[in-house]
Every structure is written in C-alpha cells, then in structure tokens.
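This report concerns only the one structure given below.
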Amino acid sequence: MSFLTIFTPILIVIVVLAFVFELMDASLGIGFGTAFTPILLIIGFDVSIVVPSVLASELVAGLVAMLFHTLLKNVRLGNKRVFKRRRRRRTKVYSLPNGEIVKAFSNPKLAADESAMEFEIEEEDEEIIVEDENDLVLEEHDEIEEIKLKNGSIGDRFRNLTTDTKVILLLSIFGILTSTLAAIINVVYADNAFFNLGVKIYIGIMVFSMGILILSLRNTKIKFSLKRIIALGAFGGFNKGISGGGYRPVTVAGQILAGREGRSALASTTFSKTSVSLFGVLSYIVSHISINKSVGEVITWDYLELTPFIMIGTVLAAPLGALVTRKIEGKWLKLLIGWGTISLGIFSVVRITLDYYHVWDIIPKVVF
C-alpha cells in the first residue's frame, strides 16, 4: 500500500473520477463499474484490486443512495393502501309539469333555477387503491375509510406490496441467483481468451441495443409486466456475474422497456444493485479467506486498498444522483437514459477493440 500514502495526486484523480462516474450512474444509469473499472486498469491498477474495491464502494454508495431515494420519494416501499371513498354532494332537484323529479346537475339550465329544491345525495361507495396516501384526490365532502388488507398467505403478502417493492425483490432475488451461476461459469472459463472476448462484445452490443430501443419506443405506452421484470433480473444478474458490469444500464433500460417510469426504474435498480453488490462483496471476501487458509498464507486485506478513496467520491455523489433523478422531468430523463446507454455501449465496444489490439499497452502506466 506504499504508493497510496506517497503518490497523492493520483488519489485525488481517483476520488474525482469516482464522483463523476457515480453521479452519472446514480442519476442516469450509466454503469459505474462498466465505465470506471477500465479506466482504473488503464491507469495501472491490477484487476485483483480494482474489482473488489469497486464492488465494495458500490455497496456503500448504494446504501447512501437508497436512503436519499427514499427520502426524496423516488421509490415507494411497503404495502399498497386501499381506501373506500363515500362521496356526498349537494345538488338541486326540479319538479317537471308532469310530476317527474329531475336532478339539476343533469341539466345546466335547471341547475340555475333558484326555485329548485336543494338536497344532499350519496353516491355509491368506490374502492381506491393507492401506493401512497398523498395520491388520494378528494373533494370537499368525501369521506374515506381504509380497508385492512388480507395478509394470510405469501401470495397475499406479495400482491399487497407496492410496485416498487415487488420490482426490487424480484430484481434482487433473480439477480443474485443468476449472478452466482454466471460467476461459476466465469471461473470455469477464466483462462479462455475467446470466451472472455465474446462476453465483453456481448455486453457492449446489448447495452447499445437497449439504448436504441429506449429512444425508439420513448413515446410508446408500454403495459407494465412483472414477468418481464423477472426475466430482467435474471438477465442483469447474469451479466453482472459473467462480466462484473452491465447490471444497472441493462436493468434501468429494461424496466423502461417493461413499462416503468424512468425515476422509479433508477431508484429500484439502486436498491436491487446494492443487494447484488453485497452478495458479491461477501462472496469475494469469503473466497479470498478460504484460498489463503488452504495454502497456508496470512489473511490480508490489500485487495481492498483502493476502496476508501473510491468510496469518498461515490458517497459524495450518491445523494446528488438521487436529487438529479427527482428533479429531471420524466420525458427528459428517459431521453437522457437512452442516449447515456447508447454512449456506454459504444464506449464498451471501442474499449474492447483497443484492448484486443493491445493499444492500452502503449499508454504509460501511472501506477506500477
């Protein structure tokens, strides 16, 4: 860790870069790991230090972002609420020559007749389902009564959750499962150059394509589907496990394509990504300890030496990212996410091409 205490300028650069990329990631879904990791490798840091440090920093920044997304109401957690609304309103009745009684509000001319009698009518009860009590739109004489939800079975409990909570749970559960499977595949084929190149190309093209789809369908009303969210969670988790990146841009873009609003998609992905990152960090630490013990080496934490410096930038940027998400209008947010995803896809493909032709090797390393 000697260079970390001596070479101060590069540490300042790392903090600034971490701040910039986390701000873009938290507010627009432009992948932090996908964009920031290769820059650290170009600077000269070893992949065995970069990957766990980025994962750990994403975990802490994710926890901070979760708090601010909740406070700013970018995400709605917990159970839905069901209310029974009883609407009362005063109206007038008018007696026609034939003796028929007519409600005045059905005829504007009669409503202006001062000789008409005024009385109060009660409309039929209406059941209203909202995910936040602030969503209730009431008139002056409305009466509301909250209906207690049934929570007998697991199915009932899940159905009663808000949409954001359902999405977070599904993305997290299926993301963790498939990222574990993908990580195993990655270990098996770790030394296969063609496999690694193919995975990188696949991630770049896939991210680019999702950006194109978002822009193409940005004005199309898409019906929301939880089945698509399940597939998306599995897909995003697999990408994370197989390549270490591509989770947030895929899950944010995928949610928008599945019918979700941009602000909710970004906030929900922050929650699920933090869960996946936690699992990834724990897996990395346990694996490292197990390997050290099996070969009789002393357990060290040198592989996390970059974490504090990356964490400074990410933690400072996380609240700002949540605020930007809250402030940007929905249509502009979708547009920015689309272009950001396309840019990330192009960056990934260009980086892979330059890496394949060893162009990075020509660039002098800052850290040795």
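Considering (1) surrounded by 16 or more Cβ atoms within 10 Å (Cβ to Cβ); (2) within 28 Å of residue 232 (Cβ to Cβ); (3) not aromatic (Phe, Trp, Tyr), the lone condition that residue 312 does not fulfil carries the number (2). Scanning segment 286-314 for residues that are part of a helix (DSSP H, G or I) and either touching a helix residue (DSSP H, G or I) at 6+ places or on another chain (Cβ under 8 Å) or charged (D, E, K, R) (or both) yields 288, 293, 302, 303, 304, 307, 309, 310, 311, 312, 313, 314. Screening residue 273 on (1) crowded, with 20+ Cβ neighbours inside 10 Å; (2) closer than 20 Å to residue 343 by Cα shows it passes everything except condition (2). Inspection of segment 87-94 finds no residue satisfying the criterion of being under 42 Å from the mean Cα position of the chain (by Cα), assigned to a strand (DSSP E or B), modelled with pLDDT of 75 or more and among the basic types (Lys, Arg). Residue 52 meets all of the listed conditions (1) surrounded by 16 or more Cβ atoms within 10 Å (Cβ to Cβ); (2) within 47 Å of the chain's Cα centre (by Cα); (3) at pLDDT below 75 but one, namely (3). Filtering 298, 350 for residues that are surrounded by fewer than 18 Cβ atoms within 10 Å (Cβ to Cβ), modelled with pLDDT of 80 or more and under 24 Å from residue 45 (Cα atoms) leaves a single hit, 350.
The values are calculated or read from the model by the stated rules, or taken from the named source; none is laboratory data. Since the model is a prediction, treat every value here as computed from it, not as a measurement. Neighbour counts are summed over all protein chains in view; Cβ atoms, including those assigned to glycine, are modelled from backbone coordinates with ideal geometry.
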